[in-house]
Structure formats: structure tokens, C-alpha cells
Amino acid sequence: MAYEDDEQLEALRDWWRRHGRGVVIGVAAALVLVVGWQQWTAWQVRQNAAAADDYTAVLQAINEREPEAAANRLGALREAHGESPYAAMATLAVATAEVAEGRAQAAADVLSWIHTERPDSPFANLARLRQAEALAAAAEQDAALEVLEPVVDGPLRVRYLELRGDLLAASGDRQGAIAAYEDALSEAGGQRRSLVEVKLLDLGGEPAS
């Protein structure tokens with residue numbers, strides 16, 4: 001029995017001589033990965049918290065009707081945390097405030113940051129729609145139509161098509177507007193469908209039965 005134990009011990013020693021260094025390196029590498037991942041996660045948490053604080057500061061400035069302060073905080077948020085969703089959310093909030101104050105062109109300028117700098121943002125399609133609406137309010141129909149292209153798929157598609165019809169109608173392109181409203185009507189539902197139908201009828205179009 002002792003002989004077998006000696007053989008097992010010798011086999012273990014031999015295995016360790018051949019593989020021990022690799023085991024140590026592997027364990028060390030695993031520890032580095034674990035520590036590195038923990039540090040990265042902690043850094044992300046700190047960054048998200050800082051971005052959330054800046055976003056809150058932007059909203060506070062808006063609520064206090066301090067547009068210059070809101071613009072400054074928005075600029076700081078974009079510079080420090082431009083990749084964060086908070087930057088796009090704050091941009092949309094500032095633009096909404098600008099429109100409410102009658103500064104449609106300023107709102108469009110603010111929103112262009114998402115369109116040009118963060119086209120992959122989950123808020124990019126909404127920002128394009130809001131930018132086009134702001135440009136339309138500023139009587140910049142051609143620029144608004146350009147921003148709307150290409151028309152998106154998904155839940156905002158009907159609003160894109162409807163706004164396209166509004167812009168074409170305002171510019172005197174009756175047939176183009178009718179076509180846009182017809183496209184919107186084919187996908188619209190509920191109250192939105194009724195509104196698009198009224199616009200189509202006003203232009204002499206015939207809604208599909």
C-alpha cells in the first residue's frame with residue numbers, strides 16, 4: 001500500500017514538474033482577468049453615474065428656464081459622456097425646450113449633433129424626426145425633407161411619411177404629398193390614421209377603402 005502511495009506521489013511530482021509552470025501562469029492570468037473585469041465594471045458604473053448627474057443638471061436648468069446653463073451642461077455631457085444614452089436624451093430635452101420657447105432653428109441645430117455624431121444611437125431616428133419637425137417650423141422645408149431621408153422602418157415610419165406629406169404639401173407638390181399620405185395611411189392605425197386621412201382628403205386624394 002505504501003508502495004502504491006509512493007508511486008502516486010512520484011507521478012504527481014512528475015506531472016507538476018512538467019505542467020506546474022503552466023498552471024501557475026493560467027491561474028495568474030485568470031486572476032488578472034477577474035480583477036480587470038471588476039475594475040472595468042466599477043469604472044462603467046462611475047461613468048454612468050456621472051452621466052446621469054449631468055443629465056439631471058441639464059433638466060434642472062431647463063426647468064429653471066436657464067437656456068444658457070442648459071446648453072453649457074449639455075456640451076459638458078456630450079464631451080465627457082458622448083457615447084452614453086444620457087447625451088442623446090439630454091439633447092432631445094434641450095431641443096424640446098427650444099421649440100417651446102419658439103426657437104425652432106436652434107432646436108434643429110441642437111438635434112443635428114445626434115444625426116451627425118451619433119447616428120447609431122437608439123434615439124437617432126427619433127432625433128431625425130424631431131429635427132425635421134423643427135426645420136419645418138423654421139420654414140426650412142427643403143432641409144427638413146433632406147433630414148427625413150431615408151424614411152425609416154419601424155414604429156416611426158408613419159410619422160416620417162406623414163411629415164414628408166406635410167412638407168411636400170407646404171412646398172406646393174400636391175401629388176408628392178398625396179403619395180406620401182397614401183403610404184402613411186397604408187400603415188397607420190387609430191387616431192393617427194384618421195388624421196392622415198383628413199390630410200389626404202384635403203388635397204383631393206382618395207383614401208383606400
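The values are calculated or read from the model by the stated rules, or taken from the named source; none is laboratory data. Note that the structure is predicted; figures quoted are calculated from it, not measured. Methodologically, a virtual Cβ is constructed for each residue, glycine included, from the backbone with ideal geometry; neighbour enumeration extends over all protein chains shown.
Details
- Criterion applied to Q175, Q131 was being assigned by TED's automatic domain parsing to the domain that holds R192 and either out of contact with any strand residue (DSSP E or B) (no Cβ under 7 Å at 6 or more places or on another chain) or in a helix (DSSP H, G or I) (or both), and the one residue passing it is Q175.
- Any chance D173 is over 20 Å from V94 (Cβ atoms) and within 27 Å of the chain's Cα centre (by Cα): no
- The residue pairs whose first member lies in segment 52-71 and is closer than 20 Å to P85 by Cα, whose second member is of a type in the set (K, R), and whose beta carbons are closer than 9 Å, counting only pairs six or more residues apart or on different chains, are D54/R73; Y55/R73; A57/R73; V58/R73; Q60/R73; A61/R73.
- Taking segment 152-172 as the range and being within 17 Å of D142 (Cβ to Cβ) and in a helix (DSSP H, G or I) as the test, the residues that pass are Y160, L163, R164, G165, D166, L167, L168, A169, A170.
- Residues that are of a type outside the set (S, T, Y) and out of contact with any helix residue (DSSP H, G or I) (no Cβ under 7 Å at 6 or more places or on another chain) were ranked within segment 83-100; the one that is surrounded by the most Cβ atoms within 10 Å (Cβ to Cβ) is P85.
- Failed condition for E206, given (1) more than 27 Å from the chain's Cα centre (by Cα); (2) in a loop (DSSP other than H, G, I, E, B); (3) crowded, with 16+ Cβ neighbours inside 10 Å; (4) not aliphatic (A, V, I, L, M): (3)
- Residue identified as under 22 Å from the mean Cα position of the chain (by Cα) and either among the hydroxyl-bearing types (S, T, Y) or modelled with pLDDT of 90 or more (or both) among L156, L201, L195, L167: L156
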